[in-house]
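What follows is one structure encoded as structure tokens, with my remarks underneath.
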Number of protein chains: 2
Amino acid sequence: MDHGIDLASVLLAFASALIGAKLFGEVAERVGQPAVLGELLAGVLLGPSVLGLVPITTGVLILAEIGVILLLFEVGLDTNLDELVRVGAPALVVALASMALPFLGGFLFARALGHATLTAVFVGAALTATSIGITARVLTELRALATREGQIILGAAVADDVLGLVLLAVVARIAENGSASAAMVLRATALAVGFLAVALALGIPLARHLVRVVGWANVRGVLVTAAVAFALLVALAAKKAGSAEIVGAFATGLMLARTNRRYDIHEAVRPAVDIFAPLFFVSVGAQVDVARLNPFNGENHPALLLALGLTVIGFLGKFAAGFCAWGGVRRAFIGSGMVPRGEVGLIFAALGKDTGALPEGIFVAVVIAVFATTFLAPPLLKVFAGGVSTAAASNA
Amino acid sequence: MDHGIDLASVLLAFASALIGAKLFGEVAERVGQPAVLGELLAGVLLGPSVLGLVPITTGVLILAEIGVILLLFEVGLDTNLDELVRVGAPALVVALASMALPFLGGFLFARALGHATLTAVFVGAALTATSIGITARVLTELRALATREGQIILGAAVADDVLGLVLLAVVARIAENGSASAAMVLRATALAVGFLAVALALGIPLARHLVRVVGWANVRGVLVTAAVAFALLVALAAKKAGSAEIVGAFATGLMLARTNRRYDIHEAVRPAVDIFAPLFFVSVGAQVDVARLNPFNGENHPALLLALGLTVIGFLGKFAAGFCAWGGVRRAFIGSGMVPRGEVGLIFAALGKDTGALPEGIFVAVVIAVFATTFLAPPLLKVFAGGVSTAAASNA
């Protein structure tokens, strides 16, 4: 079936992304860095601004989204909900600090440079997000997902994503009519925070029921198909409820982790994640325009300097938030885990650009800062991982 | 990342396709039919003409294509190349007969009804294709892929696809300038037939080399990722060489089946096929417009009668072709395996419509006949499977 779709370009992008991701991931691992850093760099190289093998088209973005949904579903399957609840208090405090500090820093910095209040709000808001995708991937690679630090980071990243989407709703409304009503803020907050609670309360018994029903079926692959369909539907529900799809996919993993088919589902989903998740990381890297990074081009200087400032503020704010955690944990590791901004930061930046709140130069600086913090996190986590592995070993 | 894509509709389509496919597949199996028939029917129900949950959008079609590429890759991994070569002669004769008989039948029928020569050429051409996807899926379900009959059907279906694309090139040229040059026909034939030979000759040593290189790597999931990237590149090369992507994916499976990591690749690819292939079959079913099938609507009568005639001709031509096989095989089973038209038939019909060679009423009839033969094949294969299982058992 052709239907006028440029299937060849999607296939080429998919194949190059897989080859580039594994090649650069392997090199990154050999020089002692997390593989995902290599995948991001492969994306920069394969993206439109260098080789152009991975264009940012509908086809590529859809496959990348399926990849990150499958990844967060797998991370959820790997996560112990009881452990996550146990770290709830420090995770929430870290999440709140990791939003408040970068927001204030970004806002004040932009105001100090003489930008309008609305522009400063968007600059601050774009620095608040934490990328669950990047962080979860690095934690998995470092085998730190099950440690107390890993669970605090994950819990705080989920809370950040939920709160970040509340902030997005509020900021979007501010951009629209210059003010926000208390009722609207409360409604958005209730919707986003409530989604996870309701989803888990309903989803855990539902997941057990699903696994039982599927056990009666004879058709091939029914368990993994049903599990993925469930994850897609919860992801969709999360989006409709004002949260992000990946939060829904993660919640589904948490639910199915509490069934007796957890291991079978995990075994079947893992290769699908191996095939589809690299495209997500490559597509994130592919959105970096290297021409904007050239320091020898004078036109780039104002944006690069602003970007440098925002990167430092974004980094320090998130890193400091890690030190709000307690309970004998490696706080520097937690702080590092909160640093990557990823896709939610880009959504804020894009919204700011679309509404005119962020002029082109500031938009570029925000995007550079989002990427810079994303690229910083994997090596940082690696540096501070030493103590965590020990802590995990003594926990076990 | 949003970028204005209607991700929610893709997620909903994906989830509904998976649930519908497994539900109807299970029901089909319980009433003694192949599961793929249920998946096709689920597609009709979920498609735009009934429930509208699975629209025919870019996102759905790309995921469906990835699904059918993974499926044919898995079928290739399951296929023994030596066995396929052994059945080469009967498979080729069956392939030629299964193109010639429906073409002549469709051409003469359309001429007898008073249609123009060009129209008759397109009607005949649309009836020549054989769907590897549907046939391979049913053969897998019936555990008949490794039988002599299964290998003849598969070999003939591959040959049909290659020859069908030659015919497509020729017919397209005829539609363009009312005549075809011998040089053009020869070139298209050489390109399409030559692709498989060259791909296999180069690919088998390359596949062994690839598996060896990948063995040195440490990053997670590198074997399955490399195998899928290889399949995507060969699929792309097949398309560029004038063949179909799925022929390339099938060829890659054949290559990797001759390496010592065959089993590991197969284990990792199977769940990915389980997740993505249903969307292909559902999307094929979703393209049926049930309003066109209503026999109580007088407007549908001419098209339905023409469709009935073409279905009978298309069925008899393909079924009879099975009787050209030799070597103590169940010829009725082989004939049934050649019956489904699938996507290549639709490509011919669409080309005929676009170039004006097929007026709307005849186009609809051709599309109905393509679908009718596709839906007929799974139960037919099931009916004639009895003797084949015995033959396979006595072979083994």
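Inspection of the range B:59-73 identifies no residue that is hydrophobic (A, V, I, L, M, F, W, C) and not in a helix (DSSP H, G or I).
Annotation: of all residues in the range A:227-242 being within 7 Å of chain B (Cβ to nearest Cβ) and modelled with pLDDT of 90 or more, the one that is surrounded by the fewest Cβ atoms within 10 Å (Cβ to Cβ) is A:Leu233.
Taking the range B:145-161 as the range and being surrounded by 24 or more Cβ atoms within 10 Å (Cβ to Cβ) and either within 14 Å of another protein chain (Cβ to nearest Cβ) or not polar (S, T, N, Q) (or both) as the test, the residues that pass are B:Glu149, B:Gly150, B:Ile152, B:Ile153, B:Leu154, B:Ala156, B:Ala157, B:Val158, B:Asp160, B:Asp161. All of B:Gly38, B:Gly43 fail the test of being within 12 Å of chain A (Cβ to nearest Cβ) and either outside any loop (DSSP other than H, G, I, E, B) or surrounded by fewer than 23 Cβ atoms within 10 Å (Cβ to Cβ) (or both), apart from B:Gly38. Taking the condition more than 30 Å from A:Ala231 (Cβ to Cβ), more than 11 Å from chain A (Cβ to nearest Cβ) and surrounded by fewer than 23 Cβ atoms within 10 Å (Cβ to Cβ), does B:Arg261 pass? For B:Arg261, the condition - more than 30 Å from A:Ala231 (Cβ to Cβ), more than 11 Å from chain A (Cβ to nearest Cβ) and surrounded by fewer than 23 Cβ atoms within 10 Å (Cβ to Cβ) - is not met. Candidates are the residues of the range B:334-375 that are within 14 Å of the chain's Cα centre (by Cα) and surrounded by fewer than 24 Cβ atoms within 10 Å (Cβ to Cβ); the one that is farthest from B:Val138 (Cα to Cα) is B:Ile347. Do we find that A:Ile56 is closer than 24 Å to A:Val273 by Cβ, within 14 Å of another protein chain (Cβ to nearest Cβ), among the hydrophobic types (A, V, I, L, M, F, W, C) and surrounded by fewer than 19 Cβ atoms within 10 Å (Cβ to Cβ) in this structure? So A:Ile56 fits the description; yes.
Look at the range A:78-121 and say how many of its residues are among the β-branched types (Val, Ile, Thr) and in a loop (DSSP other than H, G, I, E, B). Number of matching residues: 2.
For B:Leu108, indicate whether it is free of Cβ contacts under 8 Å to residues at least 60 places away in the same chain, more than 30 Å from B:Gly203 (Cα to Cα) and out of contact with any helix residue (DSSP H, G or I) (no Cβ under 7 Å at 6 or more places or on another chain). Yes.
Flag set for A:Ser179, criterion: surrounded by fewer than 17 Cβ atoms within 10 Å (Cβ to Cβ) and either acidic (Asp, Glu) or at pLDDT below 85 (or both).
Do we have A:Val224 as crowded, with 18+ Cβ neighbours inside 10 Å and either free of Cβ contacts under 8 Å to residues at least 60 places away in the same chain or within 13 Å of chain B (Cβ to nearest Cβ) (or both) here? Criteria met by A:Val224. For the range A:293-358, the helices (runs of 4 or more DSSP H) that sit wholly inside it and include 2 or more residues that are in contact with a Pro (Cβ under 7 Å, 6 or more places away or on another chain) are A:301-321. Of the residues making up the range B:201-220, those that are of a type in the set (D, E, K, R) and part of a helix (DSSP H, G or I) are B:Arg208, B:Arg212. Is it true that some residue in the range B:207-219 is of a type in the set (A, V, I, L, M), modelled with pLDDT of 75 or more and over 22 Å from A:Phe24 (Cβ atoms)? Looking for residues that are of a type in the set (A, V, I, L, M), modelled with pLDDT of 75 or more and over 22 Å from A:Phe24 (Cβ atoms), one finds at least one in the range B:207-219, hence yes. Looking only at residues in the range B:1-11 that are modelled with pLDDT under 90 and facing another protein chain (nearest Cβ under 7 Å), the one that is nearest to A:Trp216 (Cα to Cα) is B:Ala8. Within the range A:28-39, residues that are within 15 Å of A:Phe371 (Cβ to Cβ) and at pLDDT 80 or above sit with their Cβ atoms under 6 Å from residues that are of a type in the set (Phe, Trp, Tyr) and part of a helix (DSSP H, G or I), at 6+ positions apart or across chains, in these pairs: A:Glu39/A:Phe281.
Evaluation of A:Ala272 against the conditions (1) in contact with a Pro (Cβ under 8 Å, 6 or more places away or on another chain); (2) more than 21 Å from A:Arg137 (Cα to Cα); (3) aliphatic (A, V, I, L, M) shows that the sole unmet condition is (2). Here A:Leu305 fulfils each of the conditions (1) at negative phi; (2) surrounded by fewer than 24 Cβ atoms within 10 Å (Cβ to Cβ); (3) modelled with pLDDT under 80 apart from (3). Scanning the range B:122-144 for residues that are out of contact with any Lys or Arg (no Cβ under 8 Å at 6 or more places or on another chain) and not in a helix (DSSP H, G or I) yields B:Thr128, B:Arg143, B:Ala144. Is there a residue in the range A:312-329 that is surrounded by 24 or more Cβ atoms within 10 Å (Cβ to Cβ), in contact (Cβ under 8 Å) with a residue 24 or more places away in the chain and over 22 Å from the mean Cα position of the chain (by Cα)? No: zero hits.
Inspect all residues belonging to the range A:273-283 and state whether any of them is within 18 Å of A:Gly361 (Cβ to Cβ) and in contact with a Leu (Cβ under 9 Å, 6 or more places away or on another chain). No, that holds for no residue. Scanning the range B:204-243 for residues that are more than 28 Å from A:Arg137 (Cβ to Cβ) and in contact with a Ser or Thr (Cβ under 7 Å, 6 or more places away or on another chain) turns up B:Ala207, B:Arg208, B:Val234. Here B:Arg270, B:Arg292 are screened, and the one residue that is basic (Lys, Arg) and within 14 Å of another protein chain (Cβ to nearest Cβ) is B:Arg270. Consider the range B:12-34 and keep the residues that are facing chain A (nearest Cβ under 7 Å) and within 30 Å of A:Ala64 (Cβ to Cβ). The one that is surrounded by the fewest Cβ atoms within 10 Å (Cβ to Cβ) is B:Leu12.
None of B:Val93, B:Val87 is surrounded by fewer than 18 Cβ atoms within 10 Å (Cβ to Cβ), within 21 Å of the chain's Cα centre (by Cα), under 25 Å from B:Val166 (Cβ atoms) and touching a residue at least 40 places away in the same chain (Cβ under 8 Å) except B:Val93.
The values are calculated or read from the model by the stated rules, or taken from the named source; none is laboratory data. Quick caveat, the model's predicted, so the values are computed rather than measured. We place every Cβ from the backbone using ideal geometry, glycine too, and count neighbours over all the protein chains shown.
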